[in-house]
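Here's the structure we're looking at; comments come further down.
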Amino acid sequence: MSPPVAPPGWSRWLVPPAALSVHLSIGQAYAWSVFKPALESALGLTGTQSALPFQLAIVMLGLSAAFGGTLVERNGPRWAMTVSLVCFSSGFLLSALGARTEQYWLVVLGYGFVGGIGLGIGYISPVSTLMKWFPDRPGMATGIAIMGFGGGALIASPWSARMLESFGTDSTGIAQAFLVHGLAYAAFMALGVLLVRVPRAPESAGGGPAPLSGVRVSANSALRTPQFWCLWVVLCMNVTAGIGILEKAAPMIQDFFADTSAPVSVSAAAGFVALLSAANMAGRIGWSSTSDLIGRKNMYRVYLGVGALMYALIALAGDSSKPLFVVCALVILSFYGGGFATAPAYLKDLFGTYQVGAIHGRLLTAWSTAGVLGPLIVNWIADRQEAAGKHGAALYGLSMWIMIGLLAVGFVANELVRPVHPRHHVPAPREAGLDAERQQSA
Amino acid sequence: MTPNASSPPSRRGLIVLSWLWVAVPLGYGLYELVRKATQLFTG
């Protein structure tokens, strides 16, 4: 399947909504928890069992992004979006069948395995194309798409909850809800499949498409560069620090102010979590666009340096002022989102747009690692501190200092990033042709 | 964010429609988010 080339006059402003239609859909993954209580009561599952489809989906996201990236580069964004649409929707349809027949393994297989492939391929599908259309603002372009992944849960969470309210929370009601999700997401994602186009050969400075010159590094070569692994560490540390807050946000704010004159209620804590989601989303588009102006390296200096400062403020004075705690947590979460969204543009700066989607897919393994590391650190330490008789803000003090240490490691890794050595570059087609001519004439 | 002013008129409708396609559900999600977030100050 050859990539769909834009006809003359095709506007590059049609590409971000194409990307958003995919990312807003697959971002539903973070709203899986809406289905958990219903599945547990209807199918007699434990909390651990009902989390399985989500966990498998995230594992498959990482694996399919890492291993499917080269296929996405070869076959183009329309192929990738089609695969994502088919996998994500049929994952829901299989889950509907599983819920209706009370065969839970089908839900795990459908949503987790098949749907998870849709998540990974869908996540990287528009990245390379967007940067080719917006060579002048790659951070903003990928920020829009990756913001969509954050926005997907905002849409799905209330939507899925309302659907379960109207269909019921027995196995038939859940099956109907899954069925509607599968069909609605297929229709919604179809816009992306229909609209996405790769730019024609370079033609103008203002019209968008990138010139062919510049750095070109293949995905396999990128893995052999220190730059890739420095960025891997940077992303892993930044995401771990964000998840450190996100994972325990609601109990954390309640614990911090439990012994004060103004304790935080359960509903106020839920409002805090919602606010963090907004900061996460705003950071994706806001900071990623800012990186176009101040440069990728400087942007990550802010994420990691100022992020560490925010953690220090929470650790030292977080329990003395609620506004201070909330502002610091919001800034940290905006950096968490920004770190995700700025990564593709950083990769493009270092390795060029040649196989940036495939390289991005491999970088996302840092996300999977951080997804395990962040919650593990915060939960394990909080449990240990609680067992030691501590309470309130003291439960999290050590975690905060560990997060600062991790951010410092990320900061150093970012400082070590240098331009990629030319020996890793793939010659541009024109240069390759000249080299061949030179060899023939020699 | 405004579409490129140099876009041919025939594409303008498509651009508006495609942005609305994604903006409407996102707007719904943001509305629900704001409703929930206000609980931090009122709850």
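The one condition from (1) crowded, with 20+ Cβ neighbours inside 10 Å; (2) away from every other protein chain (no Cβ under 14 Å); (3) not basic (Lys, Arg) that A:GLN103 does not meet is (1).
For A:SER166, are the conditions met, namely being assigned to a helix (DSSP H, G or I), free of Cβ contacts under 8 Å to residues at least 60 places away in the same chain, over 18 Å from A:PRO344 (Cβ atoms) and away from every other protein chain (no Cβ under 11 Å)? Before you say what the answer is, go through the steps one by one.
Numbers: assigned to a helix (DSSP H, G or I): yes; free of Cβ contacts under 8 Å to residues at least 60 places away in the same chain: yes; over 18 Å from A:PRO344 (Cβ atoms): yes; away from every other protein chain (no Cβ under 11 Å): yes.
Criteria met by A:SER166.
Residue count for the range A:109-136 satisfying the condition of being under 18 Å from A:ARG197 (Cα atoms), touching a Ser or Thr at 6+ places or on another chain (Cβ under 7 Å) and surrounded by fewer than 24 Cβ atoms within 10 Å (Cβ to Cβ): 1.
Can you pull out the residues in the range A:113-156 that are polar (S, T, N, Q) and assigned to a helix (DSSP H, G or I)? Lay out the reasoning, then the answer.
If we filter the range A:113-156 for residues that are polar (S, T, N, Q), which is where we start, we get A:125, A:128-129, A:142.
If the condition is that a residue be polar (S, T, N, Q) and assigned to a helix (DSSP H, G or I), then A:SER128, A:THR129, A:THR142 are the ones that fit.
Pairing each residue of the range A:381-404 that is under 19 Å from A:THR260 (Cα atoms) with any residue that is surrounded by fewer than 19 Cβ atoms within 10 Å (Cβ to Cβ), provided the two are 6+ apart or on different chains, yields C-beta distances under 7 Å for A:GLY392/A:ALA258; A:GLY392/A:ASP259; A:ALA394/A:GLN385; A:LEU395/A:GLN385; A:LEU395/A:GLU386. Checked against (1) surrounded by 24 or more Cβ atoms within 10 Å (Cβ to Cβ); (2) outside any helix (DSSP H, G or I); (3) not basic (Lys, Arg), A:ASN280 passes all but a single condition, namely (2).
In the range A:12-33, the residue that is surrounded by the fewest Cβ atoms within 10 Å (Cβ to Cβ) out of those that are at pLDDT below 95 and more than 12 Å from every other protein chain (Cβ to nearest Cβ) is A:SER33.
Inspect all residues belonging to the range A:45-52 and state whether any of them is part of a helix (DSSP H, G or I), modelled with pLDDT of 90 or more and either in the same structural domain as A:PHE149 (by TED's automatic domain parsing) or surrounded by fewer than 16 Cβ atoms within 10 Å (Cβ to Cβ) (or both). I'd like the intermediate steps shown before the answer.
Looking only at the range A:45-52, we keep the residues that are part of a helix (DSSP H, G or I), and these are A:47-52.
From what is left, the residues that are modelled with pLDDT of 90 or more are none.
Taking every residue of the range A:45-52 in turn, none turns out to be part of a helix (DSSP H, G or I), modelled with pLDDT of 90 or more and either in the same structural domain as A:PHE149 (by TED's automatic domain parsing) or surrounded by fewer than 16 Cβ atoms within 10 Å (Cβ to Cβ) (or both).
Matching residues to (1) farther than 19 Å from A:PRO138 by Cα; (2) surrounded by fewer than 21 Cβ atoms within 10 Å (Cβ to Cβ); (3) modelled with pLDDT under 95:
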{"residue": "A:PRO251", "(1), (2), (3)": "yes, yes, yes"}
{"residue": "A:PRO263", "(1), (2), (3)": "yes, yes, yes"}
{"residue": "A:GLY271", "(1), (2), (3)": "yes, no, yes"}
{"residue": "A:TRP287", "(1), (2), (3)": "no, no, no"}
{"residue": "A:MET299", "(1), (2), (3)": "no, no, no"}
{"residue": "A:VAL302", "(1), (2), (3)": "no, yes, no"}
{"residue": "A:PRO323", "(1), (2), (3)": "yes, yes, yes"}
{"residue": "A:TYR354", "(1), (2), (3)": "no, no, yes"}
{"residue": "A:GLY357", "(1), (2), (3)": "no, no, yes"}
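Only one entry of A:PHE178, A:PHE149, A:PHE113, A:PHE92 meets the criterion of being in contact (Cβ under 8 Å) with a residue 40 or more places away in the chain, under 21 Å from A:GLN49 (Cα atoms) and touching a His at 6+ places or on another chain (Cβ under 6 Å), and that entry is A:PHE92.
The values are calculated or read from the model by the stated rules, or taken from the named source; none is laboratory data. Small disclaimer: the values here were computed from a predicted structure and weren't measured. Backbone-built Cβ (ideal geometry, glycine too); neighbour counts: all protein chains shown.
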